[in-house]
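Working notes, structure below.
The values are calculated or read from the model by the stated rules, or taken from the named source; none is laboratory data. Bear in mind the structure is a predicted one, so any value in this text is a computation, not a measurement. Here the Cβ is made from the backbone with ideal geometry for all residues, glycine too, and neighbour counts use every protein chain on show. Surface accessibility is based on the protein's heavy atoms, side chains included, excluding ligands, DNA and RNA. Shrake-Rupley method; radii C 1.70, N 1.55, O 1.52, S 1.80 Å.
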Amino acid sequence: MNIVRKRTFSKYPDAVITYGSTTTPKRKEMELDKTHYNDAIVISGINTIKENPTNYFYYKQFRKKKRSLHESIPRKGRTQKNVLATRISKNTKCRRGFYLGDKVRYENQIGWIYGFAGGEQYGKECVVRDINGDYIYKTGRKSSRTIDFKSLVVICHNNNWIFT
């Protein structure tokens, strides 16, 4: 939130800080449910509203790759700790022109690339999740979380923010 706050105040210098102790009574007075977008309505200064809006903008930040440069304890499956900061094949931010966080379409579903497959599928498949974090599976194969790059269509490239 500190980063978002700084960016907001640099872009909108006339913005005003408000707190939950102010928004909660006003939201209850306007008979709105407790949601982030309803809090935004209250914060905006609107005094009356005819209907509860159903459209909203959702975004979240994600990490591109492993940030630690060393391990103090060996992670699961290793006998030695990783002191050289070598990355496993699944821990890359790009493969075959696809990047972590890219918004993609698989058949009629929209999702974001969450990771890349390792092992025998190295370089051929990736893991895709929807905006709620649920895996998108191959059609007819509920056991396989990986999807071929060939069957994905890139909608847009995202840097560190996933939004819809």
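Below, the figures for the structure above:
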item: Residues satisfying the stated conditions in the stretch 35-55, i.e. open to solvent by less than 100 Å² (accessible area, probe 1.4 Å) and polar (S, T, N, Q); result: T35, N38, S44, N52
item: Residue that is farthest from G115 (Cα to Cα), among those in the stretch 132-148 that are in contact (Cβ under 8 Å) with a residue 24 or more places away in the chain and either among the charged types (D, E, K, R) or assigned to a loop (DSSP other than H, G, I, E, B) (or both); result: T139
item: Search result, residues across the stretch 33-47 that are closer than 20 Å to V16 by Cβ and in a loop (DSSP other than H, G, I, E, B); result: G45, I46, N47
item: Candidate set: the stretch 98-144, residues that are modelled with pLDDT under 80 and open to solvent by less than 20 Å² (accessible area, probe 1.4 Å); chosen: the one farthest from F57 (Cα to Cα); result: G123
item: All positions within the stretch 34-50 that are within 30 Å of N160 (Cα to Cα) and either of a type in the set (S, T, Y) or touching a residue at least 12 places away in the same chain (Cβ under 8 Å) (or both); result: T35, H36, Y37, N38, D39, I41, V42, I43, S44
item: Test result for N52, modelled with pLDDT under 75, assigned to a loop (DSSP other than H, G, I, E, B) and more than 30 Å from Y19 (Cβ to Cβ); result: no
